[in-house]
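The block underneath contains the structure these notes are about, expressed in structure tokens.
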Amino acid sequence: MSLELTNRGLLREQAYINGQWIMAKSGKTFAVTNPANGDQLATVPDMDDTDTRAAIEAAEAAWPAWRSTPAKERAGILRKWFDLLMANQEDLARLMTAEQGKPLAESRGEVGYGASFIEWFAEEAKRAYGDVIPGHAKDKRIVVIKQPVGVVAAITPWNFPIAMITRKVAPALAAGCPVVVKPAEDTPLSALAITALAEEAGVPPGLINIVTCSKPNAVAVGGELTGNPIVRKVSFTGSTPVGKLLMRQASESVKKVSLELGGNAPFIVFDDADLDAAVAGLMASKYRNTGQTCVCANRVYVQAGVYDAFTEKLKAAVSKMVVGPGLEGETQQGPLINDAALNKVKRHIEDATSKGAKVALGGQPHALGGTFFQPTILTHATQDMLIAREETFGPVAPLFRFETDDEAISMANDSEFGLSAYFYSRDIHRVWRVAEELESGMIGVNEGIISTEVAPFGGVKESGLGREGSHYGLDEYMELKYLCLGGM
Ligand code: ADP
């Protein structure tokens, strides 16, 4: 392949189970391609339930030694892994852009963001404190300790090929748990590259296992990961239908489940907002990763008094965006991940325009062809359009008009999703009230970018269960154990 890497050892075409780089037992492989030009980058093993079982058993075998390793030692290994990711930031970014499509600057940012979870949980590993509770009787003492939950299964998406893995693997390892990861079929190379660095950092065999598989085999691999009684925790990031399926499957053996599912983020611009700041926030929230993040603004509600002024400012900013292959110079927006993504964007625009929306900018596939799409703005959007109900996952900003605060809040909450929400206002009373009333797990107030390893990431309603990152993130991989000491 033509992709240039300084550290060629990062390009792996084998899966990683029990500290071994291996092929699928069936010998099958599948191709990984570059969404910017369709070129084949590599092939990786197309594993199934048999390979997955071997990975789960390797993880279980590795668990006792790891959980009894002092947290300080576990932290030291994680810290080395973090340093190696940062030392290889440029190569990892190039590999990510090649298989995922996002502009190189965004990939560099994601390597840093992904690595930050390893650094954070390396520190948190040492702080899994328990509790001493005043006893309920004279001769009793109550103590609560935290212990690792056991073998973790992680299933991750393609839109953040490194960060969605480290956000699960780092807290699991920090807590003392081994992990079996099934990365997305579009982006397994980033997963394998960071695993090569984990090996170099000294993560013992069996603790991180990477089971690569194609979309058709995801059903069998996911079935094993959620069905095998050895697995005690399933952590999934991806679409809501698959999340619901995995939750149902995991219920058979009552596993702990964390889900980070779809969003449909409202972005509200009130009439007292700093409009330039709101435009900058929307640009960052909406068009990042070609609109393919679960916290991307999906519905933009603009108060009537500033609707026209905001539309003009947004148009001026969006029309300057540079679309192109992510590996090339000044690109600000790369291609969509695949044809299905392109078709969804087209469908949402067609549906909206058939119901009265007007295309203020873009609206068409880009002249570059393939899955490139023009950055788009729609005006006159209404709640009956598909774009108001479903996550678009593309570079389309539909602008809805509202009159009162209550109307904005009620339209924003009119969704089964509740991951992130954003609003711009300079009135402290309004800020507090709206922040309390929006039904979502995360809120950007006068801010379009909210993700950081130090804060709890996660949603309410059908956007998911549990939180990732922050000091809360470690608890997802631990069980509480209560000790009652009698006869004291
Ligand atoms: P997207 O639409 O973003 O691709 P998916 O939910 O389909 O979202 O994919 C997220 C992850 O879930 C990927 O790793 C994918 O392979 C995996 N996946 C998809 N279907 C299943 C399934 N039936 N069982 C287990 N994993 C699945």
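Readers should treat all values here as calculations from the given coordinates under stated rules, not as data from a laboratory. Because the structure is a prediction, the values reported are computed rather than measured. Backbone-built Cβ (ideal geometry, glycine too); neighbour counts: all protein chains shown.
Couple of notes before you dig in:
- Three semi-axes of the equivalent ellipsoid, the stretch 117-253, Cα gyration tensor, whole Å, largest first: 31, 20, 12
- At R0 = 41 Å, FRET efficiency that the Cβ-Cβ distance of Gln364 and Ser253 yields, to 0.05: 0.25
- Over the chain, relative contact order from alpha-carbon pairs under 8 Å, at least 6 apart, %: 18
- For the chain, dividing the convex hull volume of the Cα atoms by the residue count gives 148 Å³ per residue.
- Dipole of the stretch 356-452, positive end: most advanced residue of Ala357, Leu368, Ala435 [Cβ charges, Cα centre]: Leu368
- Computed about its Cα centre, the charge dipole of the stretch 78-167 is approximately 520 debye, with only Lys, Arg, Asp and Glu carrying charge at their Cβ.
- Legend: residue pairs Lys102/Lys344; Lys168/Lys286; Lys28/Lys146, Cα-Cα distance threshold 30 Å; pairs beyond threshold, Lys28/Lys146.
- Prolate/oblate/rounded call for the stretch 1-100, Cα gyration tensor, a/c under 1.5 rounded: oblate
- Among Val211, Val32, sorting on how many other beta-carbon atoms sit within 10 Å of each Cβ, with the fewest leading, yields Val32, Val211.
- Mean ellipticity per residue at 222 nm, deg cm²/dmol - from DSSP H runs of n ≥ 4 across the chain, formula -39500 (n - 2.57): -12000 deg cm²/dmol
- Each Lys and Arg contributes +1 and each Asp and Glu -1, all at the Cβ; summed about the Cα centre of the stretch 317-360, the dipole is approximately 280 debye.
- Nearest-0.05 FRET efficiency for Leu386 and Met23, computed from C-beta distance (R0 45 Å): 0.60
- Which of Ala15, Trp63, Thr33, positive extreme of dipole for the stretch 1-157 (C-beta unit charges): Trp63
- Per-residue Cβ neighbour rank within 10 angstrom, fewest leading, Glu350, Glu252, Glu119, Glu453: Glu252, Glu350, Glu119, Glu453
- Cα gyration tensor category, rounded, prolate or oblate, for the stretch 273-376 with a/c compared to 1.5: oblate
- Considering only Ala250, Ser214, Ala198, the residue lying farthest towards the positive end of the dipole of the stretch 195-261 is Ala250, judged by Cα position with unit charges set on Cβ.
- Ranking of Glu468, Glu462, Glu437 by neighbouring Cβ atoms within 10 Å, starting from the fewest: Glu437, Glu462, Glu468.
- Gyration tensor (Cα) of the stretch 92-158, equivalent ellipsoid semi-axes in angstrom: 44, 13, 8
- Around the Cα centre of the chain, unit charges on the Cβ atoms of Lys, Arg, Asp and Glu (plus for the first two, minus for the last two) sum to a dipole of about 1120 debye.
- In this structure the amide hydrogen of Tyr301, modeled in the peptide plane, comes within under 5 Å of the amide hydrogens of Phe267, Ile268, Val269, Phe400, none closer than 5 places in sequence on its chain.
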